[in-house]
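For reference, the structure discussed in these notes is given below.
The values are calculated or read from the model by the stated rules, or taken from the named source; none is laboratory data. If you're wondering where the values come from, they're calculated on a predicted model, not measured in any experiment. Don't worry about glycine lacking a Cβ; one is built from the backbone with ideal geometry, like all the others, and counts go over all protein chains shown.
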Amino acid sequence: MRVVQVKTPGGLDHLALAEQEVGEPGQGEIRVRWHASSLNYHDLLVANGGLPVSDGRIPMSDGAGEIVAIGAGVTRWQTGDKVMSLFFPDWQEGRHRPERTRAITGDSIDGCACEYAVLSENAVTRMPEGLTYAEAATLPCAGLTAWQALMVRGQMQAGDSLLVQGTGGVSIVALQLAKAAGVSVVATTSSNAKGERLRALGADHVINYVEDEHWSDTVRKVSGGGVDHVIDIGGGATLQHSINAARTSGQISLVGILGGVTATVNVPMIFSKQLQVHGVAVGSAAMQDAMTRAVENGQIKPVIDADYDLADIADAFAYQASAQHFGKVTLSI
C-alpha cells in the first residue's frame, strides 16, 4: 500500500511517499481502507517539523473510509461499514484526562495518510449518512472542535449569537452548526470575496477586519451588546478582541494559535463581564457520535475548497499555508 511518511527533521520537502505491507487485524482490531483525509493546522505543524515526531511517522489526523476486514472478537462493526478516524482514539467518553489524549492520530501514533490501517475497533466512529468520504474526512478534527466548543462546553441554544473568525475549517463548520441550531452569526474575514461566501452560508453580519481595525467594537454594535459565544482561532492576535466582543456572561473558546501563542489581555474585563474562557482541543468518541447525528439532522454539508491526491500532499500543505482556502483542503487516497 502507499503511505506518506514524515522524515526527520520534518519539512514539506521531507514528506516521502513509500510502500508498506498491509497489516492483518488481530483480536479486537479492524482494517480500514482510507478513502480521504483533510488538512488541519496541527497536521501542517507535524509535516513541517513544527511538532517533531518519530522518523517515518505517517501523518494526518483526519480520515474517512470503509472497514474491509475484522479481527476476532469485534462486535461493533461489520465489513462495509463507513467510518471516520478519532483524533484522540483513547478518549471514548467523559472529561478530558491526560491518559486519554496521549495517543494522537498522525502525531504520537500513525495517522491516515495511507491506503489501509489496522486499528482498534474503538478508534473510529461511524460516518454521517449522505456525505462523501471527502466531506466526512473534514469532521474528526475541525468539526469536533467546533462541536465541543459550542454544544458541549458552550451549551449553545437557539436565539444565541456567535462570532467566528476567518474562513478555516473550524470557523466554517461552527457557522454551519450555529445556523442549523437557530443562532445568529457574526463572521470576520480579510477578504470581501470570502465575505460574500460567508453570507451565502448564512452569516448574518460580515466584518472585514483589515478595513475595520476596531472590528470587535463593530461586533458588539451589530449584535446588540456583544455575542454569547466566540470561536477564537487567532490566539495572541485576537484574544483581546474576542474578550471585547463578548456579551456579559459570554463564552470564549480558544481553539487556535494562528496569530501567536502569547497574548496581552485586559484581565479586569474578563471578570467584570464574568466571561468563561476555555481551551478546546477536539473531543471524545461520544462527542463525535453526537456531532454525527447533528450533521445528519441538520443536513450539513462540509465545505471543501480543494482536493489533492495523496502523492501531492506537499502541494496541498503549501496551499493550506497560503491561507487562500475557504473551508477545508482534502486528500484523495
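For this structure, a couple of remarks:
- Subset of the stretch 68-84 [crowded, with 16+ Cβ neighbours inside 10 Å and under 21 Å from Gln27 (Cβ atoms)]: Ala69, Ile70, Gly71, Val74, Asp81, Val83
- Selection within the stretch 105-130 - outside any strand (DSSP E or B) and either on the phi > 0 side of the Ramachandran plot or surrounded by 21 or more Cβ atoms within 10 Å (Cβ to Cβ) (or both): Gly106, Asp107, Asp110, Gly111, Cys112, Ala113, Ala123, Met127, Pro128, Gly130
- Residue count for the stretch 24-67 under the criterion of being surrounded by fewer than 24 Cβ atoms within 10 Å (Cβ to Cβ), closer than 13 Å to Ser85 by Cα and of a type in the set (S, T, N, Q): the result is 0.
- Per-region count, the stretch 208-228, residues within 24 Å of Val152 (Cβ to Cβ), touching a Ser or Thr at 6+ places or on another chain (Cβ under 7 Å) and not small (Gly, Ala, Ser): 2
One line per residue, one yes/no per condition, for (1) free of Cβ contacts under 8 Å to residues at least 40 places away in the same chain; (2) outside the structural domain of Leu12 (by TED's automatic domain parsing); (3) within 20 Å of Val164 (Cβ to Cβ); (4) under 15 Å from the mean Cα position of the chain (by Cα):
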residue: Thr264; (1), (2), (3), (4): yes, yes, no, no
residue: Ser272; (1), (2), (3), (4): yes, yes, no, no
residue: Leu275; (1), (2), (3), (4): yes, yes, yes, no
residue: Glu296; (1), (2), (3), (4): no, yes, no, no
residue: Asp307; (1), (2), (3), (4): no, no, no, no
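- For the stretch 1-91, the strands (runs of 3 or more DSSP E) that sit wholly inside it and include 1 or more residues that are touching a Ser or Thr at 6+ places or on another chain (Cβ under 6 Å) are 29-38, 64-70, 82-85.
- Annotation note: Cβ proximity below 9 Å between a residue of the stretch 279-290 that is buried (at least 23 other Cβ atoms within 10 Å of the Cβ) and a residue that is hydroxyl-bearing (Ser, Thr, Tyr) (sequence gap 6+ or interchain) occurs for Val280/Thr145; Val280/Ser253; Val282/Ser61; Val282/Thr101; Val282/Thr145; Gly283/Thr145; Gln288/Thr125.
- Residue-level check: of (1) touching a strand residue (DSSP E or B) at 6+ places or on another chain (Cβ under 6 Å); (2) part of a helix (DSSP H, G or I); (3) surrounded by 18 or more Cβ atoms within 10 Å (Cβ to Cβ), Gln251 misses just (2).
- Meets criteria (touching a Lys or Arg at 6+ places or on another chain (Cβ under 7 Å), crowded, with 18+ Cβ neighbours inside 10 Å and touching a residue at least 60 places away in the same chain (Cβ under 8 Å)) for Asp160: no
- Taken together, the criteria exclude Lys221 from residues that are basic (Lys, Arg), part of a helix (DSSP H, G or I) and under 20 Å from Ala146 (Cα atoms).
- Unmet criterion (only one of (1) at positive phi; (2) in contact (Cβ under 8 Å) with a residue 40 or more places away in the chain) for Val227: (1)
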